[in-house]
Amino acid sequence: GTGLGQAVLFWDGARYRPAATEGGHAAFAPRDERESRLLRFLLERYPRVSWERVLSGRGLFHIFEFLRSEGAPLLPEVEKRLASEDPSAVVGEAGVRGACPTCEDAVDLFVSLYGAQAGNLALTTMALGGVYVGGGIVTKLLPKVKSGLFMEAFRNAGRFEGLMRQTPVRVILNPKASLLGAAEVALDLALDTAPKPVSS
């Protein structure tokens with residue numbers, strides 16, 4: 001929920017190696033008129049709008065605030081919770097449950113944008129081996145991610161839709177995945193620097 005991290009895993013002929021990116025800070029690109037209005041709404045707050053301004057815990061609430069600015073209703077019980085709880089968590093939970101139409105609309109737009117940006121990354125890197133999506137917010141919104149909104153946006157790539165349909169997408173459910181990855185890298189580094197036996 002704190003940001004939008006993106007990385008690439010590539011095969012070097014012997015093992016998989018990670019390559020870091022700052023793709024989450026690439027400029028947000030709206031796909032239609034409503035998303036263009038979302039961009040204009042955010043430009044009133046920030047001099048530059050990156051994908052991270054939209055696809056993060058805070059970003060989910062930005063989307064909710066945008067919908068409210070366009071006249072979307074706010075249920076009294078949700079308004080009360082927003083005043084005392086983490087607003088992004090409230091919007092996400094109420095949206096997934098369908099307990100608040102505006103929250104659900106915000107979550108749906110968030111998930112669709114998430115799928116679109118995952119598709120952008122897949123096209124940019126030719127991730128034919130698959131795209132793995134992880135993080136706290138995606139697991140909390142999993143029912144919506146699995147609803148088809150994510151994959152519809154992911155595959156919407158014009159002439160390359162066929163390629164995107166062949167690209168597998170998986171959600172990482174293990175909360176310790178990043179720690180396991182760090183341990184794997186540490187092990188690789190240790191093996192690379194270990195003394196080599198001297199042949200006679």
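Coordinate-derived values only; no laboratory data. As the structure is a computational prediction, the values presented were derived from the model and not from experiment. For neighbour counting, all protein chains shown are included, and Cβ atoms are generated from backbone atoms with ideal geometry for every residue, glycine included.
Sorted largest first, the principal axis extents computed over the alpha-carbon atoms of the stretch 51-115 equal 30, 22, 20 Å. At full extension, Ala190 and His25 could sit 56.2 nm farther apart than now, given 0.36 nm per residue minus the alpha carbon distance. Here the peptides 169-181, 102-114, 33-45, 130-142 are ranked by packing, the mean other Cβ count within 10 Å, and the order with the highest first is 102-114, 130-142, 33-45, 169-181.
Separation of the stretch 135-195 from the stretch 78-113 is 24 Å, based on Cα centroids. Just so you know, the averaged projected area of the alpha carbon convex hull for the stretch 64-157 sits at 6.6 nm². Count Lys and Arg as plus one, Asp and Glu as minus one, and take only other residues whose Cβ is under 11 Å from that of Leu82; the net charge is then -2. Ranked by the mean number of other Cβ atoms within 10 Å per residue, highest first, peptides 5-12, 120-127 order as 120-127, 5-12. Compactness of the stretch 119-200 was expressed as the Cα radius of gyration divided by 2.2 N^0.38 Å, which yields 1.56. Taking every C-alpha pair closer than 8 Å and separated by at least 6 residues, the mean separation divided by the residue count of the stretch 88-200 gives a relative contact order of 26 percent. Between Pro47, Pro73, Pro143, the GNM of the chain built on Cα springs shorter than 10 angstrom shows Pro47 fluctuating the most. Taking Phe28, Phe160, Phe150 in turn, the Gaussian network model of the chain (Cα-Cα springs below 10 Å) assigns the largest fluctuation to Phe160. Across all Cα atoms of the chain, the radius of gyration (one decimal) and Dmax (whole number) stand at 19.7, 80 Å.
Other residues whose C-beta falls under 15 angstrom from the C-beta of Ala118 contribute a net charge of +3, scoring Lys and Arg +1 and Asp and Glu -1. Taking every alpha-carbon pair under 8 Å whose residues sit at least 6 apart, the stretch 7-193 reaches a relative contact order of 15 percent.
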